[in-house]
Ligand SMILES: [Zn+2]
């Protein structure tokens, strides 16, 4: 009998040694993982990112047919710079029942467990295919998962069930808010502060824009679904930074607003965007351009991470409840790739080893006991594949 925990630990050590910080390439690690899955008999597809420096890995055990169960994780990790690590972040260190290293809990531990179990799955897979999806650039806006979802849609492949192994301490999570981040820039016309009508003060227009945005907060509160499981139950808006201008006596030629919203339902983001666009087109821009035709407002999308909307019927939740023995599910505050798979029509839960408390921090670790729990779940999943 293979010792799954020992094998998982070995693989995790290898994965941590690839410094797959989001800005850098993940290619070497993707090829390493593809090798392990091919050894187990999986059909592997390495799908390059548009820029060619990164890749998604999609692999399948079992029959070539639609549906199936997907185990998914992101291959990238957050940077270690400006963090006070007491050990090398890219060399796994075992101490006190914990495995230390960047990405140990977020989320190479789950990936290592899935890879270690591949031979076990391969022996048992029957009518229902088992897929693996390992993506790039999750930490910087879920770029890889979006790319993968497009690719799968083109092939007409929709997994029936997806398990996203982000660290939840193996709790079943069936909902999280979305996270949309934007930078809105205002370009006006500089001039002397004593002649305000001769310029277009970008800071003043930015303030009007922010004021309109804040006005939408009440409407969002009223739009909150009655049975919303989230805290707070409505879509929130935050203006995180407002910068611009030059000096006291200069009409500000430019300004910038960094803001975010966390939608609890898909329609809320469109509601906010449409209201802002209408306000800019009918109020702000005509006034700005009456003075300076070259004035403009642009909004850059920094990231739009779809929420995971809890649903009454969720096969992924049902399967995971059977496999883990948990009889309840919950929602979390952090975002994941789950909403992207849900938008494809897949039933999704987030469930993985480790705690989000340890993610993104110095001396990130994964408790070995958590890894063991994850392996128990995956062993039962393997047995379930037979029927
Ligand atoms: Zn993560």
Q) Only one of these conditions is not met by residue 154: (1) within 18 Å of the chain's Cα centre (by Cα); (2) without any contact (Cβ under 8 Å) to a residue 24 or more places away in the chain. Which number is it? A) (1)
Q) Which residue pairs have Cβ atoms closer than 8 Å, lie 6 or more positions apart in sequence or on different chains, and pair a first residue in the stretch 83-96 that is on the phi > 0 side of the Ramachandran plot with a second residue that is at pLDDT 95 or above? A) none
**Q.** Residue count for the stretch 143-168, restricted to those that are buried (at least 18 other Cβ atoms within 10 Å of the Cβ) and under 14 Å from residue 57 (Cα atoms)
**A.** 8
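Within the stretch 217-228, is even one residue touching a strand residue (DSSP E or B) at 6+ places or on another chain (Cβ under 8 Å) and over 30 Å from residue 64 (Cβ atoms)? Give the steps one after another, and end with the answer.
Filtering the stretch 217-228 for residues touching a strand residue (DSSP E or B) at 6+ places or on another chain (Cβ under 8 Å) gives 217, 220.
Narrowing further to those that are over 30 Å from residue 64 (Cβ atoms): 217, 220.
Yes: one or more hits.
Quick one: which strands (runs of 3 or more DSSP E) sit completely within the stretch 275-381 and have at least 3 residues that are over 21 Å from the mean Cα position of the chain (by Cα)? Lay out the reasoning, then the answer.
Numbers: elements: 296-305, 330-332, 347-350, 365-367.
Qualifying strands (runs of 3 or more DSSP E): 296-305.
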**Q.** Meets criteria (under 16 Å from residue 118 (Cβ atoms), in contact (Cβ under 8 Å) with a residue 24 or more places away in the chain, over 25 Å from the mean Cα position of the chain (by Cα) and more than 16 Å from the ligand (Cβ to nearest atom)) for residue 59
**A.** no
Q) Any residue in the stretch 321-329 that is touching a residue at least 60 places away in the same chain (Cβ under 8 Å), out of contact with any helix residue (DSSP H, G or I) (no Cβ under 9 Å at 6 or more places or on another chain), closer than 19 Å to residue 384 by Cβ and away from the ligand (no atom under 12 Å from the Cβ)? A) yes
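Output yes when any residue across the stretch 179-189 is part of a loop (DSSP other than H, G, I, E, B), crowded, with 20+ Cβ neighbours inside 10 Å, more than 18 Å from the chain's Cα centre (by Cα) and more than 15 Å from the ligand (Cβ to nearest atom), and no when none is.
Of all residues in the stretch 179-189, those part of a loop (DSSP other than H, G, I, E, B) come to 188.
Pick out the ones that are also crowded, with 20+ Cβ neighbours inside 10 Å and you get 188.
Those still in the list that are more than 18 Å from the chain's Cα centre (by Cα) too: 188.
Checking the rest, the ones that are also more than 15 Å from the ligand (Cβ to nearest atom) come to 188.
Yes, the stretch 179-189 contains a residue that is part of a loop (DSSP other than H, G, I, E, B), crowded, with 20+ Cβ neighbours inside 10 Å, more than 18 Å from the chain's Cα centre (by Cα) and more than 15 Å from the ligand (Cβ to nearest atom).
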Q) Do any residues in the stretch 344-360 that are within 13 Å of residue 331 (Cβ to Cβ) have Cβ atoms under 6 Å from those of residues that are part of a strand (DSSP E or B) and within 12 Å of the ligand (Cβ to nearest atom), where the two are at least six apart or on different chains, and which pairs are they? A) 350/164
Q: Please indicate, with yes or no, whether at least one residue in the stretch 223-238 is without any contact (Cβ under 8 Å) to a residue 60 or more places away in the chain, over 23 Å from the mean Cα position of the chain (by Cα) and not in a loop (DSSP other than H, G, I, E, B).
A: yes
Q | Residues of the stretch 253-279 classified as crowded, with 22+ Cβ neighbours inside 10 Å and over 17 Å from residue 217 (Cβ atoms), total | A | 1
Q: Kindly establish whether residue 347 is more than 16 Å from the ligand (Cβ to nearest atom), crowded, with 16+ Cβ neighbours inside 10 Å and at positive phi.
A: no
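Being surrounded by fewer than 17 Cβ atoms within 10 Å (Cβ to Cβ) and under 17 Å from the mean Cα position of the chain (by Cα) is the requirement here; does residue 140 meet it?
So residue 140 passes the test.
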(Q) One residue is enough: does the stretch 323-337 have a residue meeting the conditions at pLDDT 95 or above and either within 21 Å of residue 16 (Cβ to Cβ) or surrounded by fewer than 16 Cβ atoms within 10 Å (Cβ to Cβ) (or both)? (A) no
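Can you name every residue in the stretch 145-169 that is away from the ligand (no atom under 12 Å from the Cβ) and part of a helix (DSSP H, G or I)?
Our first condition is that a residue be away from the ligand (no atom under 12 Å from the Cβ); within the stretch 145-169, this holds for 146-163, 169.
Selection gives 146, 147, 148, 149, 150, 151, 152, 153, 154.
Report whether or not residue 109 is within 16 Å of the ligand (Cβ to nearest atom), at negative phi and out of contact with any helix residue (DSSP H, G or I) (no Cβ under 8 Å at 6 or more places or on another chain).
Spelling it out, it is not the case that residue 109 is within 16 Å of the ligand (Cβ to nearest atom), at negative phi and out of contact with any helix residue (DSSP H, G or I) (no Cβ under 8 Å at 6 or more places or on another chain).
The values are calculated or read from the model by the stated rules, or taken from the named source; none is laboratory data. Fair warning: this is a prediction, and the values are worked out from it, not measured in the lab. Neighbour counts are summed over all protein chains in view; Cβ atoms, including those assigned to glycine, are modelled from backbone coordinates with ideal geometry.
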